[in-house]
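Below is one structure, written out as structure tokens; the observations come after it.
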Amino acid sequence: MTETEELGRGGRLRGDAAGELVTAAYAAESAHGPRLARGLSLADLAHAVALVEGGDLAGDDGKSLLAGLLELHAIPGEEFPWDPSLGDAFNAREAELERRVGRSAAGWLSAGRPRREAFRVGLRLTARSGMRALHDALLDQTASLARHARATSAALATDYTYLQPAQPTTIGHLLLAYAFPALRDADRAQASHTALGASVAGAGGSAGSRWSLDRTRLAELLGSDRLVEHAKDAAWQADVYLELLATLAIAATHQSQLGQDFEIYASQEFGLVELADAHSRASALMPQKKNPYALAAIRTQAGQAVGDVAAALVALHTGSARTDHFHLLNGTVPRALDDAVAVARLTASVLEGIELRPRRFEQIARESFVSAADVADVLALTGEVDYRSAHKVVGRAVRELVDAGEPPSALTPARLSAAAEAVIGSPVELDEATLRDALDPAASAAARKQAGSSSPEAMTAMLDGIDATLAEHRRWSETERAREADAESALLSRARELASG
């Protein structure tokens, strides 16, 4: 056995790893390396700095270890020599470090910690960065929706339930129905980022260690503001990643709903929106087609995100302190985050480039019986009949108009009264002006009284609130980005200082 092979296997084992083990397990673990590279590197650097500062590692070995780790840090993750025959990504880093600085210095890398601690720290750092990126993409979605909504806050539209015209509203009000879920997803991303800010470094296996490793100092070096206190919990805690994956799945589901709605709205039959050419794809067979391809990509990721949550939950059905779930999480979480961020940014880009067609929105609203509920409201508010009776009367009048192929404007006070006689056995009186106003979908959309409705006052309040919330979220993101960058810069600076003596 070569020295490098012995490094990956440890002194307890004889011979090389079975080829089947390398293919089935080590290759998968090693493949996590590129996505975890930066986090693993920062984890190793912070650990080495803490060893030197704690006084347990000094002299040339300490300087060489830090110098070698700084060299590895400069190698892009995609270019690093990840070798699955050595084991996992940590083994590959350790082997490359030994090749550069020798066994005497490299041998200190695992002092006071198992390889899993490097992965735990690296995964947290990777996930924390990814959640902030997702958060920012969700803000971009919200901002695009709010921009379009402000421009169309009074443009007539109809809402849809079961794909049937429901109530009159405005285009802007329709769009804000997608903005608020995106903001809630951003809240969840922020909460996940905060949870990941608790440091697990320095736990020393699962019960601490004899080494003079200051966990509070390690947290500071890694840009964390607090500790996961219990050592075993720090080493094996997984629920933070379940929350993360659930957040990704919820955000993906909201985006999938938006994608499905917009694909319908973009169809020739609806003609309400059109995707930009940059987000579409031509048919290889049918030259007339402009397929809203970006929406299919958005929906596909949602299915994967839901599967990731289920897989993680199933993998956790083990006893405590097992490797099963982190075998999955080390690969799933970084990949799922990459997918989620890419699709969230795609969704934001689609929304930014979407073309809305207000004339078509208004046409459908005026041709549909979307103000029927308003007629029932007005009839009940006269005090002549209760609301349920008014609902039945208007429903009968609409049915007769539909059967006759007549539009909503054909409803008259006389026809409404005749419907009342047929349904409740007595006529109703509603003057022509009141009925015309109730039948006008634009007037109905503007007449709403509740917060969150389609009225001009409610729309202004919602849009102003979204602008304020976006500004608050962006301030938080900038603060966190600067704090993490400052921590990384300080860690590298301290490592260079100690490496140079």
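The values are calculated or read from the model by the stated rules, or taken from the named source; none is laboratory data. What you see is a predicted model, and the numbers here were worked out from it, not measured in a lab. We place every Cβ from the backbone using ideal geometry, glycine too, and count neighbours over all the protein chains shown. With ligands, DNA and RNA removed, areas are computed over all heavy atoms of the protein, side chains included. Shrake-Rupley method; radii C 1.70, N 1.55, O 1.52, S 1.80 Å.
Quick notes on this structure:
- Qualifying residue in the range 457-467 (condition: within 16 Å of residue 137 (Cα to Cα) and hydroxyl-bearing (Ser, Thr, Tyr)): no
- Considering only residues in the range 170-195 that are over 24 Å from residue 346 (Cβ atoms) and in contact (Cβ under 8 Å) with a residue 24 or more places away in the chain, the one that is most open to solvent (accessible area, probe 1.4 Å) turns out to be 173.
- Helices (runs of 4 or more DSSP H) contained entirely in the range 1-106, each with at least 1 residues that are touching a His at 6+ places or on another chain (Cβ under 8 Å) and among the acidic types (Asp, Glu): 27-31
- Residue in the range 355-369 that is part of a helix (DSSP H, G or I), closer than 18 Å to residue 127 by Cα and open to solvent by less than 30 Å² (accessible area, probe 1.4 Å) present: no
- Among the residues of the range 321-354, those identified as over 30 Å from residue 280 (Cα atoms), in contact (Cβ under 8 Å) with a residue 60 or more places away in the chain and buried (at least 19 other Cβ atoms within 10 Å of the Cβ) are 325, 326, 329, 330.
- Selection within the range 260-275 - open to solvent by 30 Å² or more (accessible area, probe 1.4 Å) and under 26 Å from residue 341 (Cα atoms): 260, 261, 263, 264, 266, 274
- Filter result for the condition that a residue is in a helix (DSSP H, G or I) and surrounded by 20 or more Cβ atoms within 10 Å (Cβ to Cβ), over 157, 137: 137
- Output for the range 422-431, where each listed residue is open to solvent by 50 Å² or more (accessible area, probe 1.4 Å) and either modelled with pLDDT of 95 or more or of a type in the set (A, V, I, L, M) (or both): 422, 423, 424
- Residue in the range 276-285 that is closer than 17 Å to residue 145 by Cβ, touching a strand residue (DSSP E or B) at 6+ places or on another chain (Cβ under 8 Å) and not basic (Lys, Arg) present: yes
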